[in-house]
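**Q** I'd like to ask some things about the structure below.
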Amino acid sequence: MYSCIEIYIVNFLLVNLFCKLIIMSKPLIFVTNDDGITAKGIRELIEVVRNFGDVVVVAPDSPQSGMSHAISLYSDLSCDQIIIDDGPQIEYACTGTPVDCVKLGLNAILKRKPDLCVSGINHGSNSSINVIYSGTMSAAVEGAIAGIPSIGFSLLDYSNEADFRTSKIVVEKIVNKVLKEGLQKGTCLNVNIPKCSYSDINGYKICRQANARWIEDFDIRNDSKGKTYYCLSGNFQNFDNRKDTDEWALSNRYVSIVPVQFDVTSFDSLTKLKSWNL
């Protein structure tokens with residue numbers, strides 16, 4: 001016969017185990033961005049994904065747009081837990097880049113591997129060549145490197161007060177699909193959303209990155225002391241008129257979804273280069 005104390009201990013352990021199993025059964029979703037933790041885009045993203053599971057946010061404490069895959073090698077990072085709204089998510093503001101945030105979150109903050117990493121919603125396009133410069137997409141790529149299904153979301157509206165109602169519907173649909181279906185190992189999704197109402201969206205296009213780029217220019221100016229400085233400017237040019245690209249999809253009011261991989265090997269060039277016989 002078991003004593004009352006032994007029965008109590010067994011029941012206590014079973015209850016704790018049951019509670020842990022319930023917690024573990026909920027997806028853990030990691031959220032970050034490059035516009036900063038207080039940006040409207042990430043606040044709207046958090047509001048959507050917290051309906052799918054437990055949410056932990058590690059995002060820059062200030063805007064980090066255009067940081068690509070940069071990491072902080074020559075400065076220490078700080079990461080402070082903060083409260084921005086009354087939601088159930090746990091949030092940290094980090095002094096580093098978007099990729100710093102992912103690395104720090106996965107290796108120093110989270111107690112288990114996330115089921116999903118989402119980055120955004122970016123204020124502005126990350127289609128075509130923009131994916132190379134994007135801190136938003138580099139955070140998603142870093143998630144994919146860690147073996148986590150990852151998605152970067154961007155809205156084609158650079159305004160700080162952009163309307164994210166359409167984006168939230170898109171996020172909900174795609175997050176739900178990825179949580180159910182998963183993604184191919186080593187691949188993340190680059191999702192760009194037209195600036196229009198959801199009723200005007202023509203659908204979703206799985207497509208490739210367009211052959212387009214920025215034609216840069218620099219404004220040459222002088223400060224009050226006569227010192228010359230340079231301001232980057234330029235025009236975006238699309239050299240790709242085919243209909244299977246993200247630029248075509250977006251210009252025709254489709255949500256563009258481009259699978260992105262971190263293996264940047266040019267496989268088409270391997271045979272030619274091997275023929276060099278170096």
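The values are calculated or read from the model by the stated rules, or taken from the named source; none is laboratory data. Bear in mind that the values here come from a model prediction, so they are computed numbers and not experimental data. All Cβ positions, even for glycine, are placed from backbone atoms using ideal geometry, and neighbour counts span all protein chains on display.
**Q** Which condition does residue 131 not pass, out of (1) of a type in the set (A, V, I, L, M, F, W, C); (2) over 25 Å from residue 28 (Cα atoms); (3) assigned to a strand (DSSP E or B), if it passes all the others?
**A** Result: residue 131 fails condition (3) only.
**Q** Any chance the stretch 52-74 includes a residue that's at pLDDT 95 or above, over 27 Å from residue 155 (Cβ atoms) and either surrounded by 15 or more Cβ atoms within 10 Å (Cβ to Cβ) or within 14 Å of the chain's Cα centre (by Cα) (or both)?
**A** yes
**Q** What number of residues within the stretch 186-235 are free of Cβ contacts under 8 Å to residues at least 40 places away in the same chain and either touching a Gly at 6+ places or on another chain (Cβ under 9 Å) or under 26 Å from residue 160 (Cα atoms) (or both)?
**A** 14
**Q** What number of residues in the stretch 123-139 are touching an Asp or Glu at 6+ places or on another chain (Cβ under 8 Å) and not hydroxyl-bearing (Ser, Thr, Tyr)?
**A** 4
**Q** Same structure again: Just one of the numbered conditions (1) within 24 Å of residue 147 (Cβ to Cβ); (2) in contact with a strand residue (DSSP E or B) (Cβ under 9 Å, 6 or more places away or on another chain); (3) of a type in the set (Val, Ile, Thr) is not true of residue 220; which one?
**A** Status for residue 220: all satisfied but (1).
**Q** Please verify whether the stretch 248-255 includes one or more residues that are outside any strand (DSSP E or B), at negative phi and loosely packed, with under 10 Cβ neighbours inside 10 Å.
**A** No: the stretch 248-255 contains no residue that is outside any strand (DSSP E or B), at negative phi and loosely packed, with under 10 Cβ neighbours inside 10 Å.
**Q** Can I ask one more? Could we say that residue 190 is of a type in the set (S, T, N, Q), surrounded by 10 or more Cβ atoms within 10 Å (Cβ to Cβ) and under 18 Å from residue 130 (Cα atoms) here?
**A** Yes.
**Q** Same structure, new question: One residue is enough: does the stretch 138-155 have a residue meeting the conditions in contact with a Lys or Arg (Cβ under 7 Å, 6 or more places away or on another chain), in contact (Cβ under 8 Å) with a residue 24 or more places away in the chain, buried (at least 19 other Cβ atoms within 10 Å of the Cβ) and under 13 Å from residue 192 (Cα atoms)?
**A** Looking for residues that are in contact with a Lys or Arg (Cβ under 7 Å, 6 or more places away or on another chain), in contact (Cβ under 8 Å) with a residue 24 or more places away in the chain, buried (at least 19 other Cβ atoms within 10 Å of the Cβ) and under 13 Å from residue 192 (Cα atoms), one finds at least one in the stretch 138-155, hence yes.
**Q** Here's another thing I want to ask about it. Of all residues in the stretch 166-209, count the ones that are out of contact with any Cys (no Cβ under 9 Å at 6 or more places or on another chain) and assigned to a helix (DSSP H, G or I).
**A** So the count comes out to 18.
**Q** So is residue 84 of a type in the set (A, V, I, L, M, F, W, C), modelled with pLDDT of 95 or more, assigned to a loop (DSSP other than H, G, I, E, B) and more than 25 Å from residue 131 (Cβ to Cβ) or not?
**A** Against the criterion (of a type in the set (A, V, I, L, M, F, W, C), modelled with pLDDT of 95 or more, assigned to a loop (DSSP other than H, G, I, E, B) and more than 25 Å from residue 131 (Cβ to Cβ)), residue 84 qualifies.
**Q** Would you be able to tell me the number of residues in the stretch 205-232 that are surrounded by 15 or more Cβ atoms within 10 Å (Cβ to Cβ) and more than 15 Å from residue 256 (Cβ to Cβ)?
**A** So the answer is 2.
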